[in-house]
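Undergrad: Before we start, here is the structure in question, set down as structure tokens.
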Amino acid sequence: MQQVRTLKELAEFVGGKVSGDGSVKISNAATLSQAVKGDITFLANKKYENQLLTTSASAVVVDREVESCTNLIISDDPYFAFREIVVLLHGHRKHKKTGISPKASVAETASIGKGCDIHDFATVYDGAKIGNNCVLYPGAFVGENTTIGDNCILYPNAVVFDNCVIGNRVIIQANASVGEDGFGFATHKGQHHKIPQIGRVILEDDVEIGASSGIERGTLDDTIIGKGTKVGDMVAIGHGTKIGAGCLIVPLVGIAGSVTVGNYCIFGGQSGIVGHIKIGNMVRIGAKAGVINDVADGKEMLGVPAIDSNKARRAYALIETLPEMYKRIKDLEKKLKKATDKTS
């Protein structure tokens, strides 16, 4: 249920300071450009600062005292403070309490924890163990001997294959596949022969897997997604890849097999990572970048093939001038040839 709070209450909740009328009532959250009276919004990017003079919001969360036509909450981290306010006002999605539906298929040898809601047509295979307060939406599938921790959510048609290990508070969005066979084939005399994939997938605590993503099980060793890592929609992660804690992998990324990724890395949309390389900690991979070599800690990579971002920006800045440069070079070659002909 939507909450109504005064600006002063919200500021106290996030540890911020009010600049303006603390008694104004806030009932909703919105963007700077779309907010109306009763809404709160935020400013985290300076390029939108001019909108503070025109917004119709009743309040804005900012990181410092700034000129504005409305009230402010000043916070050290305005984006996170805004997130906390949205949770307070609106809460997270509520899940219908169903218990274990008679239309679900739960094996007699499966173990189901307390407070779980298993909806129509969900399937839990033999030997699977599901922790407390989990939600399995219609069509969700948990394979044989898979273990799922507490407070996990499997949205409609999410699949976790056999022998996988899922931590606590893991969210698997609709149509995602965890523990599918890796793309492993031995080519012999022109034919591709499937290699059994005998590893597992391990998702550590607080991991989220986006809709329609595929996380392949390891060929021999396990595929591991580290604690708190968030994987966007339609991401492919290959067999045996190990991703550290706190990474952000946005939609449409492809990471091949046997890659090692450090902690707190960010992968831009449509970036691709070749197999059998090592990416360090706190690395940033730009959108559509193609990474083909190891990347050291803290690097930012852009381009295809991906290179250091400083070099990439300089190189790409020249692209639009290449036709003009080419013409000038051809003109200089002609002049040089004429001068050479006269002296020969």
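We did not get these values from a lab; they are worked out from the coordinates using the rules stated. The model shown is predicted, which means the values in this text are computed figures rather than measured ones. Using ideal geometry, Cβ is built from the backbone for each residue, glycine included, and neighbour counts are taken over all protein chains shown.
Undergrad: Of the options ILE74, ILE40, GLY20, report the single residue whose Cα projects farthest towards the positive end of the charge dipole of region 5-90 (beta-carbon charges: Lys, Arg +1; Asp, Glu -1).
TA: ILE40
Undergrad: So, one more: From zero outward in steps of 10 Å, how is the percent of C-alpha pairs of region 1-83 spread across the bins?
TA: Taking all Cα pairs of region 1-83, the binned fractions are 21, 61, 18, 0 percent.
Undergrad: When the chain is fully extended, how far beyond the present Cα-Cα distance does LYS37 get from ALA287, taking 0.36 nm per residue of separation?
TA: Numbers: separation 250, 0.36 × 250 = 90.00 nm, distance 3.70 nm.
Length gained, LYS37 through ALA287: 86.3 nm.
Undergrad: Considering Cα pairs under 8 angstrom that are at least six residues apart, work out the relative contact order of the chain and quote it in whole percent.
TA: Relative contact order here is 6 percent.
Undergrad: Counting pairwise Cα distances across region 124-225, what percent come out greater than 15 angstrom?
TA: 60
Undergrad: For a Förster distance of 56 Å, can you work out the FRET efficiency between the beta-carbons of ILE195 and GLN3, rounded to the nearest 0.05?
TA: With a Förster radius of 56 Å, E is 0.55.
Undergrad: Taking a cut-off of 21 Å between Cα atoms, list the lysines near LYS338, but don't count ones fewer than 8 places away on the same chain.
TA: LYS327, LYS330
Undergrad: Can you give the charge dipole size of region 108-209 about its Cα centre, rounded to the nearest 20 debye, using +1 on the beta carbon of Lys and Arg and -1 on the beta carbon of Asp and Glu?
TA: 320
Undergrad: If each residue of separation counts as 0.36 nm, what is the full-extension length gain between TYR48 and ILE100 once their alpha-carbon separation is subtracted?
TA: Here the segment from TYR48 to ILE100 would lengthen by 13.9 nm.
Undergrad: If you don't mind, another one. Among 116-129, 95-108, 237-250, what's the highest-first ranking by average C-beta atoms within 10 angstrom per residue?
TA: On the way: 116-129: 19.9, 95-108: 12.7, 237-250: 22.7.
Top to bottom by mean Cβ count within 10 Å: 237-250, 116-129, 95-108.
Undergrad: Which trypsin sites (Lys or Arg not before Pro) from region 137-234 combine a DSSP loop assignment with at most 10 other Cβ atoms within 10 Å? Don't skip to the end; give the middle numbers.
TA: Values: sites: ARG169, LYS189, LYS194, ARG200, ARG217, LYS227, LYS230; in loops: ARG169, LYS189, ARG200, ARG217, LYS227.
Answer by residue number: LYS189.
Undergrad: I need the peptides 283-290, 46-53 ranked by packing, meaning the mean over residues of other C-beta atoms within 10 angstrom, with the highest value on top.
TA: For the peptides 283-290, 46-53, the packing ranking is 283-290, 46-53.
Undergrad: Determine the calculated [θ] at 222 nm for the chain from helices alone, applying -39500 (n - 2.57) to every DSSP H run no shorter than 4 residues and normalising by the residue count; nearest 500 deg cm²/dmol. Could the numbers behind the result be given before it?
TA: Values: 4 runs with 54 residues, N = 344.
Value at 222 nm, helices only, nearest 500: -5000 deg cm²/dmol.
Undergrad: Which lysines have a Cα lying under 26 Å from the Cα of LYS97, excluding residues fewer than 8 positions away in the same chain?
TA: LYS114, LYS129
Undergrad: About its Cα centre, how strong a charge dipole does region 5-90 have in debye, to the nearest 20, once Lys and Arg get +1 and Asp and Glu get -1 at the Cβ?
TA: On the way: 9 positive and 11 negative charges, 39 e Å.
Around 180 debye, computed over region 5-90.
Undergrad: Please work out the FRET efficiency for the pair ARG314 and TYR264, using the Cβ-Cβ distance as r and a Förster radius of 25 Å; give the result to the nearest 0.05.
TA: With R0 = 25 Å, the Cβ-Cβ based efficiency is 0.40.
Undergrad: While we're looking at this one, here's another question. Using Cα-Cα distances under 8 Å and only pairs 6 or more residues apart, what relative contact order does region 105-310 have, in percent?
TA: That works out to 10 percent.
Undergrad: A further question on this structure: Between LEU88 and SER111, how many nm apart are label points set 7 Å from Cα along the C-beta direction?
TA: Each label point lies 7 Å from its Cα, and together they span 4.1 nm.
Undergrad: Using 7 Å Cα-to-Cβ label points, what is the GLU333/ALA174 separation (nm, one decimal)?
TA: So the label points at GLU333 and ALA174 sit 5.7 nm apart.
Undergrad: Answer with one residue from ILE171, VAL207, ASN50: the one whose Cα lies farthest towards the positive end of the charge dipole of the chain, charges on Cβ with Lys, Arg +1 and Asp, Glu -1.
TA: Most positive-ward Cα: ASN50.
Undergrad: Note down the Stokes-Einstein diffusion coefficient of region 105-310 in µm²/s, whole number, using a Kirkwood radius over alpha carbon pairs, 37 °C, and 0.692 mPa s. Each step should come with its number before you reach the end.
TA: On the way: Rh = 17.1 Å.
The diffusion coefficient I find is 192 µm²/s.
Undergrad: Over region 5-90, how many pairs of lysines fall under 18 Å by alpha carbon, counting only those 8 or more apart in sequence or from different chains? Working shown, then result.
TA: On the way: LYS8/LYS17; LYS8/LYS25; LYS8/LYS37; LYS17/LYS25; LYS25/LYS37.
For region 5-90, the number of qualifying lysine pairs is 5.
Undergrad: Report, in debye and to the nearest 20, how large the dipole of the chain comes out about its Cα centre when Lys and Arg carry +1 and Asp and Glu carry -1 on their Cβ. If you can, show how the numbers build up before the last one.
TA: Values: 39 positive and 37 negative charges, 289 e Å.
So the dipole magnitude of the chain works out to roughly 1380 debye.
Undergrad: Of the candidates VAL207, VAL235, VAL18, which one comes out as most mobile in a Gaussian network treatment of the chain with C-alpha springs shorter than 10 Å?
TA: Of VAL207, VAL235, VAL18, the Gaussian network model singles out VAL18 as fluctuating most.
Undergrad: While we're here: Can you put THR229, THR187 in order of Cβ neighbours within 10 angstrom, beginning with the fewest?
TA: THR187, THR229
Undergrad: Taking every pair of alpha-carbon atoms in the chain, what share in percent sits in each 10 Å bin, from 0 to the bin with the longest distance?
TA: All Cα pairs considered, the percentages come to 6, 19, 20, 22, 18, 8, 4, 2, 1, 0.
Undergrad: Among the lysines, which fall within straight-line cross-link reach of LYS242, defined as a Cα-Cα distance under 18 Å, with same-chain neighbours fewer than 8 residues apart omitted?
TA: LYS227, LYS230, LYS278
Undergrad: Over region 271-344, how many percent of alpha carbon pairs lie in each 5 Å bin up to the one with the longest distance?
TA: 4, 15, 17, 15, 9, 8, 8, 8, 7, 6, 4, 2, 0
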